[in-house]
Amino acid sequence: MREEEIERLRGVVRDCVSKHLYSSAIFFADKVAAITNDPADIYMQAQALFLGRHFRRAYHLLNASKIVFRDLRFRYLAAKCLEELKEWDQCLFMLGDEKLDEHGDAYETKDNSDMYLDKDGEDREMNISSAICFLRGKAYEALENRAQARQWYKAAIKADPLCYEALECLVENHMLTCEEETSLLSSLQFGPEDGWLSSFYSCLIKKYDKENVVEAKFKELEKESSKTDLSSQSLMCTLKDNTDLLACKAEYYHQCGEYQKCFELTSTLLEKDPFHLKCTLVHLAAAMELGNSNELYLMACNLVKDYPQKALSWFAVGCYYYCIKKYDQSRRYFSKSTSLDGTFAPAWIGFGNAYAVREEGDQAMSAYRTAARLFPGCHLPTLYIGMEYMRTHSFKLAEQFIMQAKAICPADPLVYNELGVVAYHMKEYNQAVWWFEKTLALIPNPLSEMWEPTVVNLAHAYRKLKMFREAITFYEKALTLSIKSLSTYAGLAYTFHLQDNFTSAITYYHKALWLKPDDPFCTEMLNIALADECRHGIDSKIDFH
């Protein structure tokens with residue numbers, strides 16, 4: 001057969017692959033490889049077999065070729081076959097003996113790739129060493145060696161910053177702390193044309209920086225997109241309206257406690273791309289915080305119908321039952337979610353919260369500890385362990401675990417709020433004031449209603465220190481965030497009472513009792529305030545001498 005006829009058959013194979021006609025591709029690739037016995041054609045045949053899901057046959061073909069350890073392409077594809085077959089130890093053996101240096105960069109101890117057909121000839125071709133590091137990380141994660149998996153994922157993205165999947169695994173599976181994520185991004189060697197990618201990656205990691213820093217990242221990325229090609233109007237809005245970028249913004253709004261803003265943005269995004277799963281997760285979280293059970297029900301029904309094998313779908317069902325306070329059912333579905341995907345962090349945390357809300361502390365602790373072990377870069381399980389200890393009045397242990405959460409994520413205001421609560425319960429009121437003020441300093445302005453308890457707690461701490469003017473200021477600030485807080489009215493009334501301002505105290509005791517008419521503290525203190533006001537009025541008019 002002439003060379004031009006063989007080349008035409010190769011073109012047929014490539015076209016069949018592009019049209020997903022894999023049986024046809026396998027048929028013609030087999031004939032080409034039989035005629036030429038060329039390693040490149042054998043590789044093309046193996047690739048067609050792999051895409052047609054004939055993994056065992058593809059692996060046998062590659063292994064029988066005798067060049068599987070001399071060409072990185074062959075070795076990598078053989079390892080991919082073993083990955084699909086779930087033969088993880090064999091997969092690692094096929095990938096070869098490779099080590100990490102002190103900087104976390106990969107190097108081969110023995111280079112057998114004297115043939116290496118994959119020359120990375122094209123400018124934008126992915127570095128195969130990065131792909132090998134990533135696959136090694138997946139194998140270690142499947143073998144539940146998450147420490148090694150983390151190292152190899154880091155090595156993969158260091159070898160080639162274009163290996164987005166490695167960063168996705170590190171971020172989505174909470175394998176790195178905030179500082180480690182920032183350090184990793186700063187170590188990546190981006191090309192001069194990849195400035196936008198560096199900015200985009202910085203938006204994907206945890207977003208607990210100051211408001212102006214995070215907003216600047218988004219603005220820089222949108223500005224960067226407008227520089228890509230001034231002659232093309234379509235490119236100028238590519239990243240500005242990109243669903244992934246807007247999903248990152250929604251995640252940031254959720255972390256700031258701006259749940260309504262987050263929900264509105266995710267609702268818009270899901271109209272544009274109803275199957276964007278990262279956006280769906282943020283949307284569910286916002287709906288939970290807003291108590292929007294109808295939306296949770298609709299989302300759960302659609303997800304279970306479209307993705308019955310995904311952990312996210314059953315997590316959504318668990319969220320719905322949690323929202324309507326059917327905690328036994330919610331636990332059942334959170335558990336199902338974790339059984340489908342043991343690395344799905346929200347389900348583990350939801351599972352623990354469903355126990356905690358019923359004060360079933362031992363089971364809640366077990367779920368949180370599992371989450372803390374699986375997701376060392378996520379501070380929430382450790383924080384919730386501390387909060388459980390606080391509920392049982394083990395304040396020293398609570399402080400210890402919350403400080404561990406602070407070490408993992410030193411910029412989350414919720415951590416500082418809980419440290420303030422612990423200090424308050426331990427009667428360390430000066431320390432409590434410091435923690436609560438630190439909390440408010442980390443929250444973007446204007447404050448949302450979510451942070452009203454922090455403002456009230458700060459006012460309580462000032463009252464305990466007899467700094468009544470400061471206490472009143474923060475109680476009044478809390479009232480601008482919510483006018484339905486019994487604690488705020490009661491605290492304000494009691495502060496005025498301590499200053500002998502009985503008229504104002506009586507006014508606010510009445511407002512507190514309007515919210516909860518049977519509150520014993522306000523009922524008793526109102527009677528005392530009325531008596532004090534009467535006595536004060538008598539004392540001012542009668543001379544007992």
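Please go through region 349-402 and write out the GluC sites (Glu not before Pro) that DSSP classes as loop and that have at most 10 other C-beta atoms within 10 Å.
Details: sites: 359, 360, 388, 399; in loops: 359, 360.
In loop regions of region 349-402 (DSSP not H, G, I, E or B), the sparsely surrounded GluC sites (Glu not before Pro) are 359.
Can you compute the modelled spin-label distance between residue 536 and residue 142, with each label point 7 Å from Cα toward Cβ, in nm?
7.6
Rank these by accessible area, largest first, 1.4 Å probe: 426, 175.
Details: 426 45, 175 5 Å².
Descending accessible area places them as 426, 175.
To the nearest 0.05, what FRET efficiency results for residue 362 and residue 126 with a Förster distance of 41 Å applied to their C-beta separation?
Details: r = 48 Å, r/R0 = 1.16.
It comes out at approximately 0.30.
How far is the Cα center of region 329-346 from the Cα center of region 417-476, in Å?
For region 329-346 versus region 417-476, the Cα centre distance is 36 Å.
What do you get for the angle between helix 146-159 and the principal long axis of the chain? Use alpha-carbon atoms, 0 to 90 degrees, nearest ten.
Here the helix axis deviates by roughly 70 degrees.
Please report, as a whole percent, how much of the solvent-accessible surface of the chain comes from carbon and sulfur atoms (probe radius 1.4 Å).
Details: 14350 of 27570 Å².
Answer for the chain is 52 percent, counting heavy atoms of protein chains only.
For the chain, take the longest principal axis of its alpha carbons; what is the angle in degrees between that and the long axis of helix 3-18, to the nearest 10 within 0 to 90?
So the inclination is approximately 20 degrees.
Return the whole-Å distance between the Cα centroid of region 246-265 and the Cα centroid of region 156-171.
25
Using the basic label-point model (7 angstrom from Cα toward the beta carbon), what is the residue 260 to residue 482 distance in nanometres?
About 1.4 nm, to one decimal.
Excluding residue 167 itself, what net charge comes from residues whose Cβ is under 10 Å from its Cβ, given Lys and Arg +1 and Asp and Glu -1? Walk me through the numbers on the way to the answer.
On the way: positive: 154; negative: 165, 168, 172, 181.
Every neighbour counted, the sum reads -3.
Once you place label points 7 Å from the Cα toward the Cβ at residue 434 and residue 403, how far apart are they in nm?
1.2
Counting other Cβ atoms within 10 Å, keep those with at most 11, restrict to DSSP loop, and tell me which trypsin sites (Lys or Arg not before Pro) in region 380-437 are left. Let's see the in-between values first.
Details: sites: 391, 396, 406, 427; in loops: 427.
Listed in order of number, the matching sites are 427.
Can you give the accessible area per residue of the chain, in Å², using a 1.4 Å probe? It would help to have the intermediate numbers written out before the result.
Values: 27570 Å² over 545 residues.
Value for the chain: 51 Å² per residue.
Starting from the Cα-Cα distance between residue 182 and residue 307, subtract it from 0.36 nm times their residue separation and give me the gain in nm to one decimal.
Working it through step by step, the gained length comes to 41.7 nm.
Among the GluC sites (Glu not before Pro) in region 51-87, which ones are in a DSSP loop with at most 12 other Cβ atoms within 10 Å of the Cβ? Mind listing them?
Details: sites: 83, 84, 87; in loops: 87.
Here no loop site has a sparse enough neighbourhood.
Based on the Cβ-Cβ distance from residue 514 to residue 449, what FRET efficiency comes out when R0 is 30 Å, to the nearest 0.05?
Values: r = 19 Å, r/R0 = 0.65.
Computed FRET efficiency for residue 514 and residue 449 comes out at 0.95.
Would you work out the Kirkwood radius for the chain? I mean one over the mean of 1/r across all pairs of different Cα atoms, in Å. If you can, show how the numbers build up before the last one.
Values: mean 1/r = 0.0363 Å⁻¹.
For the chain, the Kirkwood estimate is 27.6 Å.
Once fully extended, how much extra length lies between residue 324 and residue 373, figured as 0.36 nm per residue of separation less the alpha-carbon to alpha-carbon distance?
Length gained, residue 324 through residue 373: 14.7 nm.
Nearest 10 degrees, 0 to 90: what angle lies between the long axis of helix 502-515 and the longest principal axis of the chain (Cα atoms)?
Taking Cα atoms only, the helix is inclined about 50 degrees.
The values are calculated or read from the model by the stated rules, or taken from the named source; none is laboratory data. Quick caveat: nothing in here was measured; it's all calculated off a predicted structure. Neighbour counts are summed over all protein chains in view; Cβ atoms, including those assigned to glycine, are modelled from backbone coordinates with ideal geometry. These area figures cover heavy atoms from the full protein model, side chains too; ligands, DNA and RNA do not enter into them. Shrake-Rupley method; radii C 1.70, N 1.55, O 1.52, S 1.80 Å.
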